[in-house]
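These notes are about the structure you will find just below.
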């Protein structure tokens with residue numbers, strides 16, 4: 001058995017154990033000296049003096065190599081990982097402020113494997129999810145196709161009432177000449193903002209973009225996600241849960257609905273029907289690592 005295979009086996013075994021302990025991970029695991037136990041990687045310099053007002057779980061899904069791990073590490077640890085290492089499953093614990101209220105929110109950020117060999121393991125990460133990030137790479141048009149072919153149907157099956165944000169990652173590569181030239185040889189072009197918005201509209205999800213490498217748009221994404229889950233938590237005892245589509249209209253009380261199904265896009269007045277995956281299975285292509 002090769003060293004790489006042994007390493008992957010250990011990762012997978014450890015990940016299954018961690019996933020089974022998922023509910024405990026949502027506690028901060030903070031010791032009296034302020035350090036954090038092995039239940040998750042803690043962000044740098046939290047220094048909390050009081051318990052968080054909310055503990056929320058975000059799960060990130062999408063094709064392998066599309067930039068999910070870089071997004072989570074850049075946000076939670078403030079660094080960009082230059083080396084690509086395929087993820088099995090990983091959990092990052094971080095604390096942040098809900099700006100409108102000033103309350104502290106503890107986030108459990110769950111990174112998942114996009115490779116097909118982990119399709120049976122990945123559903124273990126879905127229980128008790130408060131918000132889903134469905135991701136694709138702007139430099140990989142096939143990864144956007146796979147959002148509707150695979151990822152949206154999967155999360156709709158396991159988390160039918162959970163809010164979704166569709167994320168276009170690696171936005172810095174959209175205008176990069178080497179990326180454009182490489183895609184051109186395949187008859188492709190980088191994904192446009194309009195294309196991403198069109199898919200989000202079909203999903204009834206908010207659409208956002210970012211570059212983890214340049215740290216542009218990263219904090220805006222998590223601010224929007226935190227605002228969504230906190231607004232939902234604070235409104236649960238006052239009115240029925242919001243529909244997934246109200247993610248983009250969370251400040252409008254008129255968007256509350258009895259049945260939480262994907263309804264609207266970034267324009268609350270439009271109510272598209274979610275497009276489900278075609279019955280014919282397509283061959284999926286992996287993202288390029290530039």
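Derivation of every value follows stated rules applied to the coordinates shown; laboratory data play no part. Please read all numbers here as calculations on a predicted model, not as lab measurements. As a convention, Cβ positions derive from the backbone with ideal geometry for all residues, glycine included, and neighbour counts pool all protein chains shown.
Run a plain Debye calculation on the range 141-236 (Cα atoms as equal point scatterers, no solvent) and give log10 I(q)/I(0) at q = 0.14, 0.15, 0.20 Å⁻¹, rounded to two decimals, same order as the q list. Cα-only, vacuum Debye calculation for the range 141-236: -0.61, -0.69, -1.09.
Whole Å is fine, so just give me how far the alpha carbon centre of the range 67-118 lies from that of the range 131-202. Here the two parts' Cα centres lie 18 Å apart. Listing 180, 164 from fewest to most neighbouring C-beta atoms within 10 Å gives 180, 164. Cβ crowding within 10 Å ranks 206, 188, 156 as 188, 156, 206, fewest other Cβ atoms first.
The slack between residue 198 and residue 161, meaning 0.36 nm per residue of separation minus the straight C-alpha distance, is 11.2 nm. Its alpha carbons considered, the range 54-255 gives a radius of gyration followed by a Dmax of 16.5, 55 Å.
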